[in-house]
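Asks: If you scroll down you'll find the structure; I have some questions about it.
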């Protein structure tokens, strides 16, 4: 999963401020989408170089392992500055070029409100970059393009979801992808400091959250998403069949 794959265009492209964000927030949807037949990818904005535990070499190996578990078609790291994500012209250009190169039908981004400032700052940066990527006169390496669907996924802070995806069949693989980051999350790997995300509390929260949102849609596990647009339903009887 190393290097750039210029020729591959994907159906769903997830953006994360750090390696492991997309796995945590939308790993189940990426797995399910791949199984359906869609092409999937992740673009990490930073390398997570400020992480308390691990180092860049370890994080790269963990990212490659997680990418394999998710069966991604593409993964790229834009190498923005960890802890200092800025909505500046250089950052917008890098993201716009990634969008124009992969031309996703659906873009997944972090929710606008979160515990980590990088997550909050990346939301605004990504929204702006996605918009300018669709401007014909905005100069970049590839032709102008803007995905019509932009959806936010949940990380630390909860929100009232617009919809929930049933990931029951893919939950175990999602957790394997998250667990690939042994240096970051709760594991047998010795930590310099036990951080919030490295605690058993956070580990249990991820699983319990998937169970909680699964129960809300009468399934075993679910992933919540927020859409800033109205969702059209043509056949309510068929659409809400899972509630019967």
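Every number here is computed from the coordinates shown, using simple stated rules; none is lab data. Small disclaimer: the values here were computed from a predicted structure and weren't measured. In this analysis, Cβ positions are derived from the backbone assuming ideal geometry, glycine residues included, and neighbour counts consider all displayed protein chains.
Asks: Subtract the Cα-Cα distance of residue 160 and residue 97 from 0.36 nm times their separation in residues, and report this length gain in nm to one decimal.
Replies: 19.5 nm
Asks: Right, here's the next one. Let me have the 222 nm mean residue ellipticity of the chain computed from DSSP H runs of 4+ only, each contributing -39500 (n - 2.57), with the sum over all residues rounded to the nearest 500.
Replies: Dividing the helical sum by the residues of the chain leaves -12000 deg cm²/dmol.
Asks: Relative to the present Cα-Cα distance, how much length would full extension add between residue 192 and residue 115 at 0.36 nm per residue of separation?
Replies: Here the answer is 25.6 nm.
Asks: Another question, then. Can you give the FRET efficiency for residue 88 and residue 244, using 1/(1 + (r/R0)^6), R0 = 41 Å, r = Cβ-Cβ distance, to the nearest 0.05?
Replies: 0.20
Asks: Continuing with this model, one more query. Quickly work out the residue 200-to-residue 35 label distance, labels modelled 7 Å from Cα along the C-beta direction, and quote it in nm with one decimal.
Replies: 3.0
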